[in-house]
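The structure's right below; bear with me while I get my questions together.
The values are calculated or read from the model by the stated rules, or taken from the named source; none is laboratory data. Because the structure is a prediction, the values reported are computed rather than measured. Here the Cβ is made from the backbone with ideal geometry for all residues, glycine too, and neighbour counts use every protein chain on show.
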Amino acid sequence: MVQRVPQVASTSEVQNHLRAKRLRYLSKMKRVSAADRNKGPILEVMRELVPQDRSIYMLEVASGGGTHAAYISQAFPNVTWQPSDIEQRCLDSIAACIKATGVRNVRPAVRIDTSQPWQQWAGHQPESCDMMMCVNMIHISPIRCTQGMIEAAGVLLKPDGQLVAYGPFSIHGVISPESNVRFDEHLRAQNPEWGLRDVDYLTEVAQKQGLQFQRMVDMPANNKILVFQKGSKNDSG
């Protein structure tokens, strides 16, 4: 009787297997070129905003393919990052992205519909979030989604907590430059409920929820980062 000796995979075979396995993960990831382009500039601003002397719970709204969760979270080991989205394909993409990159401080994504009351936000409780973040959702969703997000931020953020929103906006009723005007027209042609929102309007909605407009940061490709902050416990009203 001939005894077969188990074959040991060569180093190249192991590497090829691991490479194929990673490609399978990547194939599930919703690759968004805009997210790949803006993740670096967004990270630089987040370095100024995220406290690094204590543990931080970050709720990311409308995480899309998971690019920002996987990339930005690596710079902040003190941050527990909670991605979310409404679409199952995005939730699947986030899971694949997190697994492929191997980040340890990102939780499994949860389904959140920002148009719904905060009580339906995947079990999040009042004053449970140190920060909330939203990238490129406001202009490609009905206005009720943005209103719902801001209303939830007013409840879910801890005192002094921040809501950080990235995207293109109109300012004092004016959209500029011309490329943003065309972009706004393109969005509204796709869906009349989409379009660039005005910073003054967002500030008004935020103030009603106890959030004050803090700053606006110019970003590449005619985008902005808006920062809103919840009042402290010592604030009256």
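Would you be able to say whether some residue in the stretch 145-161 is under 30 Å from Glu185 (Cα atoms) and either modelled with pLDDT under 95 or polar (S, T, N, Q) (or both)? First the steps, then the outcome.
The first filter runs over the stretch 145-161 and keeps only residues under 30 Å from Glu185 (Cα atoms), leaving 145-153.
Cutting the leftovers down to either modelled with pLDDT under 95 or polar (S, T, N, Q) (or both) gives us 146-147.
Yes.
Taking the stretch 152-207, which residues are more than 30 Å from Glu127 (Cα to Cα), of a type in the set (Val, Ile, Thr) and crowded, with 20+ Cβ neighbours inside 10 Å?
Ile175
I would also like to ask the following. Considering only the stretch 176-204, how many residues are closer than 19 Å to Pro142 by Cβ and not in a helix (DSSP H, G or I)? Talk me through it step by step, then tell me what you get.
Our first condition is that a residue be closer than 19 Å to Pro142 by Cβ; within the stretch 176-204, this holds for 183-199, 201-202, 204.
Those left that are additionally not in a helix (DSSP H, G or I): 191-198.
Qualifying residue count for the region: 8.
Based on this model, can you work out whether Val103 counts as farther than 28 Å from Gln209 by Cβ and either over 14 Å from the mean Cα position of the chain (by Cα) or buried (at least 23 other Cβ atoms within 10 Å of the Cβ) (or both)?
On the way: farther than 28 Å from Gln209 by Cβ: yes; either over 14 Å from the mean Cα position of the chain (by Cα) or buried (at least 23 other Cβ atoms within 10 Å of the Cβ) (or both): yes.
When the stated conditions are applied, Val103 passes them.
Right, here's the next one. What are the residues in the stretch 133-144 that are surrounded by fewer than 24 Cβ atoms within 10 Å (Cβ to Cβ) and part of a helix (DSSP H, G or I), if any?
Selection gives His139, Ile140, Ile143, Arg144.
Ok, one more. Return a yes/no flag: does the stretch 86-99 have any residue that is on the phi > 0 side of the Ramachandran plot and modelled with pLDDT of 95 or more. Show your work before the answer.
The first filter runs over the stretch 86-99 and keeps only residues on the phi > 0 side of the Ramachandran plot, leaving none.
No: zero hits.
For the list (1) touching a Pro at 6+ places or on another chain (Cβ under 6 Å); (2) of a type outside the set (Lys, Arg); (3) at pLDDT 95 or above, I need the number of the one condition that Ser232 fails.
In the conditions (1) touching a Pro at 6+ places or on another chain (Cβ under 6 Å); (2) of a type outside the set (Lys, Arg); (3) at pLDDT 95 or above, Ser232 misses (3) alone.
Among the residues of the stretch 46-65, is there at least one that is over 23 Å from Leu156 (Cα atoms) and at pLDDT 95 or above? Spell out the reasoning first.
The initial filter retains those residues of the stretch 46-65 that are over 23 Å from Leu156 (Cα atoms), namely 65.
Narrowing further to those that are at pLDDT 95 or above: none.
No, the stretch 46-65 has no match at all.
Would you tally the residues in the stretch 63-72 being crowded, with 22+ Cβ neighbours inside 10 Å and either assigned to a helix (DSSP H, G or I) or in contact with a strand residue (DSSP E or B) (Cβ under 6 Å, 6 or more places away or on another chain) (or both)? Show your work before the answer.
Step one: filter the stretch 63-72 for residues crowded, with 22+ Cβ neighbours inside 10 Å, giving 63-70, 72.
Next cut, either assigned to a helix (DSSP H, G or I) or in contact with a strand residue (DSSP E or B) (Cβ under 6 Å, 6 or more places away or on another chain) (or both) only: 63, 67-70, 72.
Within the stretch 63-72, residues that are crowded, with 22+ Cβ neighbours inside 10 Å and either assigned to a helix (DSSP H, G or I) or in contact with a strand residue (DSSP E or B) (Cβ under 6 Å, 6 or more places away or on another chain) (or both) number 6.
I need a count of the residues in the stretch 205-219 that are of a type in the set (D, E, K, R) and outside any helix (DSSP H, G or I). So that I can check it myself, show each step before the final result.
Of all residues in the stretch 205-219, those of a type in the set (D, E, K, R) come to 208, 215, 218.
Next, only the ones that are outside any helix (DSSP H, G or I) stay: 215, 218.
The qualifying residues number 2.
Please go through the stretch 81-102 and pick out each residue that is in contact with a strand residue (DSSP E or B) (Cβ under 8 Å, 6 or more places away or on another chain) and either of a type in the set (A, V, I, L, M) or part of a loop (DSSP other than H, G, I, E, B) (or both).
Step one: filter the stretch 81-102 for residues in contact with a strand residue (DSSP E or B) (Cβ under 8 Å, 6 or more places away or on another chain), giving 81-86, 88, 91, 94, 98.
Hits for the stretch 81-102 are Pro83, Ile86, Leu91, Ile94, Ile98.
Scan the stretch 82-92 and tell me whether some residue there is surrounded by fewer than 23 Cβ atoms within 10 Å (Cβ to Cβ), of a type in the set (Asp, Glu), touching a helix residue (DSSP H, G or I) at 6+ places or on another chain (Cβ under 9 Å) and touching a residue at least 24 places away in the same chain (Cβ under 8 Å).
Within the stretch 82-92, one or more residues are surrounded by fewer than 23 Cβ atoms within 10 Å (Cβ to Cβ), of a type in the set (Asp, Glu), touching a helix residue (DSSP H, G or I) at 6+ places or on another chain (Cβ under 9 Å) and touching a residue at least 24 places away in the same chain (Cβ under 8 Å).
Going through the stretch 145-175 one residue at a time, which ones are assigned to a strand (DSSP E or B) and within 21 Å of Asn38 (Cβ to Cβ)?
Initial filter on the stretch 145-175 (assigned to a strand (DSSP E or B)): 157-167, 169-171, 174.
Hits for the stretch 145-175 are Gln162, Leu163, Val164, Ala165, Tyr166, Gly167, Phe169, Ser170, Ile171.
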